[in-house]
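Nothing in this text is a laboratory measurement; each read-out follows from the coordinates by a stated rule. What you see is a predicted model; the values in this text were computed from it and never measured. We place every Cβ from the backbone using ideal geometry, glycine too, and count neighbours over all the protein chains shown.
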Amino acid sequence: MSAPGRALVLAKAPVPGRVKTRLGAVVGMDVAGRLAAAGLLDTVAACSAAFGDCHLALDGELADAVDGRALEVATAGWEVFAQADGDLGDRLAHAHERAAAGATGALVQLGMDTPQVTGPRLRRIATTAGAGAAVLGPASDGGWWVLALEGGGARCLAGVPMSTPATYEHTRAALHGAGLTVRSTATLRDVDTVADARSVAAAAPHTRFAAAWRRVEGVA
């Protein structure tokens, strides 16, 4: 059953050579594209299970992507819009502002790197965020995997250094600087490397991502 709140996914269209390139350097770019598509489908499914109001800020075109038709079907009823120009902090701020416009309740934003996420976990995060309080979920590499805000406030993300081992701490500091209380949630592992993929697939064996990874390892 859908919960109060909304989901925002920031993602690249899973086009081989444009996504999961660190993983692709080992398993091949076509395989990395298939893994990225599976992970994005898992993420979309979790968001759709959690919320009735979902948004996808997309870099690229689903028509060009691996499993593009499946992704178009999965996001039917979503607002799908192009990411803004600029660095990641600017693009995050713009996507939050667009998805939050004219709505109430927490906006729960995540990327396409945590296919192990579930609808119940996202619903719990939405209920933890509130007026003046954000939820920021650390990733094991020093970044973060989820940010939930109520009533906007994401403009402070512009200029935050992203994709560094200190991104979580920089983001937390920016949110505090914007006058928000910051609550934590569980640490999850992003999928960037073979070790990450193997660990996430083992932790969430019933996902599309895990099935795709088992094919990579020749066990399915």
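I need to check one value: relative contact order of segment 127-171, counting alpha carbon pairs closer than 8 Å and at least 6 residues apart, in percent. It comes to 35 percent, rounded to a whole number. Distance between the modelled labels on THR181 and VAL194, one decimal in nanometres: 4.6 nm (7 Å Cα→Cβ projection).
By the Cα gyration tensor, segment 61-131 has an equivalent ellipsoid whose semi-axes, rounded to whole angstrom, run 22, 18, 13 from largest to smallest. Debye-formula intensities of segment 92-220, expressed as log10 I(q)/I(0) at q = 0.15 Å⁻¹, are -0.72 (one equal scatterer per alpha-carbon, no solvent). Between helix 88-100 and the chain there is an angle of about 70 degrees, using the helix long axis and the longest principal axis of the Cα atoms.
For segment 6-214, the share of DSSP beta bridges that are antiparallel, to the nearest 5, is 35%. Ranked by the mean number of other Cβ atoms within 10 Å of their residues, highest first, the peptides 137-148, 37-48, 198-209 fall in the order 37-48, 137-148, 198-209. Within the shell of other residues whose beta carbon sits under 13 angstrom from the beta carbon of LEU175, the net charge comes to +1, with Lys and Arg scored +1 and Asp and Glu -1. Helix 167-177 axis versus longest C-alpha principal axis of the chain: approximately 20°, rounded to the nearest ten. Kindly express, to the nearest 10 degrees and within the range 0 to 90, the angle between helix 119-128's C-alpha long axis and the longest C-alpha principal axis of the chain. The helix 119-128 is inclined about 20 degrees to the chain. With contacts taken as Cα pairs under 8 Å and at least 6 residues apart, the chain reaches a relative contact order of 22 percent. The length gained by stretching the chain between ALA166 and ASP87 to full extension, at 0.36 nm per residue less their Cα-Cα distance, is 26.8 nm.
Ordering LEU180, SER140, GLY60 by Cα displacement along the dipole of the chain toward the positive end leaves SER140 in first place; charges were set at the Cβ atoms of Lys, Arg (+1) and Asp, Glu (-1). Each Lys and Arg adds +1 at its Cβ and each Asp and Glu adds -1 at its Cβ; summed about the Cα centre, the chain shows a dipole of about 540 debye. When the square roots of the Cα gyration tensor eigenvalues are ordered a ≥ b ≥ c, the ratio a/c for segment 33-170 is under 1.5, which makes its shape rounded. Within the chain, the longest run free of GluC sites (Glu not before Pro) that sit in a DSSP loop with at most 16 other Cβ atoms within 10 Å is 62-216. To the nearest Å, what is the center-to-center distance of segment 171-220 and segment 1-58, using C-alpha atoms only? About 12 Å separates the Cα centre of segment 171-220 from the one of segment 1-58.
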